[in-house]
Amino acid sequence: MLGVIIGVFAIVLITSIGSGVKIEVDKQIQGLGSDVLFIMPGNPSGTRGGGMAMGRNMIGEEPLKEKDYLSLAKNKEIMVSPVMNRNIEVRKGSESIYAQVIGSNYLYPEITPLPLKEGRFFNKLEDGDRARLAVIGSTIATEFFNGNSIGKQVYLDKIPFKVVGVLKERGTGFMGGDQDSVVYIPYKTLSDLYNVENITMLMVTPKNSQNIDELQKDLINEFIKIRGKENFRISTQAQILEIVGTITGILNLMLGGIAAVSLLVGGIGIMNIMLVSVAERTREIGIRKAVGAKRRDVLSQFLMEAVILSLAGGTVGLLFSYLGTIVLKRFDVPSAITLNSVVVAILFSLFVGVVFGVYPAYKASSLDPIVALRHE
Amino acid sequence: MNAIETRQLEKIYKLDSVLVPALNGVNLSVEFGEFLAIMGPSGSGKSTLMNLLGCLDRPTRGEVWIRGKRVDLLNDNALAYIRSKEVGFAFQSYNLLPRLTALENVELPLIYQGVSANERRKRALTALERMGLQERAYHKPTQISGGEQQRVALARALVTDPAFILADEPTGNLDSKTGKEILKILQELNKQGITLIIVTHDRFVGEHARRIIQLKDGEIIGEEHLSSPIKES
């Protein structure tokens, strides 16, 4: 019974996390705009490091430098923004938190949607000026300024910055990480004041609408000329999301394994309960047979009982997984119980009940009525 | 046509490699409306004969006919159907299902005949009324006395309108007063035309029937017709 509960719990969680992630990812695709290309250092086949190694360069990879960006920025067909990042202590008065500080240029909000709640992003002039201007995430704005933050000062590692914009609440990013505890500053400011030399990635979007796959090919050729060889990767939004999909797929596989083992254990448990029940009710079976129960009557009776037992386990499991998704949401793991997962849970517990109920039921139905009636 | 008839009935049990004959050529005919007692000491083959008459078992050789139909060659399912349709059992230990109410216990054979729920309820209530138990219909076996339990068992035997009722030591677990009550009920049922076969080792119980056959070592060794059976009033 416990096994069935755990098994169904695992199955429902898998499917609900799966569909939750899918919903979230779909939202992200729409949120980021589909015609963005990401240029990252690394092996062009894209297997090593993955699209996830943001902010860290793998050993042996040739990092992206400012000159790469400046060369690429000469291309008039596209908009490019470098993305640098570093964790820096953000302080206001006595309060401080460590936040992801992202350095970009003024084009960043045009490449990928970055909705502002109030204020503005830094402009081209300020960008070139190494201005100490910050656009802060909603969590920082709420915690430090109680919402009233435009024009105030924050200290990034003891250097004062003026807040010019506050982002709308965005939740967890599809690559993990709290998107509301970030600070955007001009990339030159970040590199000069905090000694950040490497560019994590370049984000590119065409100025005029253009086929993204063609642009990807063109950019690869162009960037090979800039870098001298193909020691970088250019991925589309979809390709990065594919990697995310692979990872959730692996997670699902693992949970699936747990579910399978639990259901097996649960099934054996049910079989044991039913075997004990058959032994205890031998006399009942004898009586039923004496008054005319056929083999299939007894068989179906005990099979039904096994299925009901298993369905009860499944229902409890379903209940637990409902609570589980509530807990997961607290931890910002996207999950949603869908009709699908409920149907899957019910089908699985039905399946377990039938498979593991057959043997005890068969045993009950084959009892000799005379022997069964004599049983004390 | 007889209610039940056996021809050269033989039953041999195989215990390990030893063959143990339990019945040896029993010929028995019971007419409709009869009240027969099968008597004999333990080991005489009473239980074996009862199992064969009740279609719980098949003979090694010989034939069993119920209501003009040969049943010893039927398969398990068909035999189960005959049991529910033609045989009414009453056991020494009542054999009611403890988790079911009296009414549900009486309904049980009808369930296996596929009778509809409404019809089942109606017939079971009628049978319980016939046993004077309408007020006990919703009691469980543990909530009623031994005599009442045996009456529920008789109602269960009656409800299918069987060819005969087969009662195995029906008073064996009861005190003598309650036992006499049950015997009285059996005689009344017989007066109403129900065919009864009781299996007993108790001479007093047997003498309530109108015919007694004596069984010993698997054979019928004697038969008596009682002109005036003991009357319970």
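Remarks
- Pairing chains A and B buries close to 1700 square angstrom of accessible surface in total, based on protein heavy atoms and a 1.4 angstrom probe.
- Residues in the stretch B:1-67 average 45 Å² of solvent-accessible surface per residue, probe 1.4 Å, ligands and nucleic acids excluded.
- Area accessible to solvent at residue B:139, 1.4 Å probe radius, in Å²: 60 Å²
- Sequence-distant residues sharing a close amide H with residue A:233 (under 5 Å, placed H): A:40, A:42
- Probe 1.4 Å, accessible area per residue of chain A, Å²: 49 Å²
- Largest to smallest in accessible area, the residues A:362, A:98, B:13 fall in the order A:98, A:362, B:13 (1.4 Å probe, all protein chains included).
- Of all accessible heavy-atom area on the stretch B:127-195, the percent that carbon and sulfur account for (1.4 Å): 40 percent
- Relative contact order, whole percent, for chain A stands at 30, derived from Cα pairs under 8 Å and 6 or more residues apart.
- Think of each Lys and Arg Cβ as +1 and each Asp and Glu Cβ as -1; about the Cα centre, that makes the dipole of the protein assembly as shown roughly 400 debye.
- With a simple spin-label model that places each label point 7 Å from the Cα along the Cα-to-Cβ direction, the separation between residue B:142 and residue B:15 comes to 3.6 nm.
- Exceeding the 19 Å Cα-Cα cut-off - candidates A:22/A:168; A:67/A:188; B:184/B:216; B:11/B:216; B:11/B:46: A:22/A:168; B:184/B:216
- The distance from the alpha carbon centre of the stretch A:347-376 to that of the stretch A:251-311 is 7 Å, rounded to a whole number.
- Chain A - mean residue ellipticity at 222 nm from DSSP helices (-39,500 (n - 2.57) per run, n ≥ 4, rounded to 500): -18000 deg cm²/dmol
- Both radii are taken from the alpha-carbon atoms of chain B; with Rh as the Kirkwood radius, Rg/Rh is 0.96.
- Computed from the C-beta positions of residue A:118 and residue A:216 and an R0 of 51 Å, the FRET efficiency is 0.90 to the nearest 0.05.
- All aspartates and glutamates inside 18 Å of residue A:217 as judged from Cα atoms, apart from same-chain residues fewer than 8 positions distant: A:35, A:68, A:77, A:230
- Three principal axis lengths of the protein assembly as shown [C-alpha, angstrom, descending]: 130, 49, 39
- Residue A:374 paired with residue A:194, simple spin-label distance in nm, labels 7 Å along Cα-to-beta-carbon: 8.8 nm
- Rounded FRET efficiency, nearest 0.05, which uses the C-beta distance separating residue A:354 from residue B:228 and R0 of 56 Å: 0.35
- Entry note, chain B: the mean residue ellipticity at 222 nm calculated from DSSP H runs of n ≥ 4, each adding -39500 (n - 2.57), is -10000 deg cm²/dmol after division by the residues and rounding to the nearest 500.
- Note on residue A:162: aspartates and glutamates with a C-alpha under 15 Å away, same-chain residues under 8 apart excluded, are A:118, A:126, A:127, A:129.
- Here residue A:158 is the anchor, and the aspartates and glutamates within straight C-alpha reach of less than 19 Å, apart from those fewer than 8 places off in the same chain, are A:89, A:95, A:143, A:192.
- Over the stretch B:19-73 - Rg/Rh using Cα atoms and the Kirkwood inverse-distance radius: 0.95
- Å² of accessible area per residue within the stretch B:139-206, as computed with a 1.4 Å probe and no ligands counted: 37 Å²
- Interface residues of the stretch A:355-376, defined as those with an accessible-area decrease of at least 10 Å² between the chain by itself and the complete set of protein chains (probe 1.4 Å), are A:369, A:370, A:373.
- Centre separation in Å (Cα based) which lies between the stretch B:17-85 and the stretch A:228-246: 83 Å
- Protein accessible area in chain A, 1.4 Å probe - carbon and sulfur %: 60 percent
The values are calculated or read from the model by the stated rules, or taken from the named source; none is laboratory data. Computed from a prediction, not measured in an experiment: that's the story for all the values here. No Cβ is skipped: glycine too gets one built from the backbone with ideal geometry, and neighbour counts run over all protein chains shown. Only protein heavy atoms, including side chains, enter the accessible area calculation; ligands, DNA and RNA are left aside. Shrake-Rupley method; radii C 1.70, N 1.55, O 1.52, S 1.80 Å.
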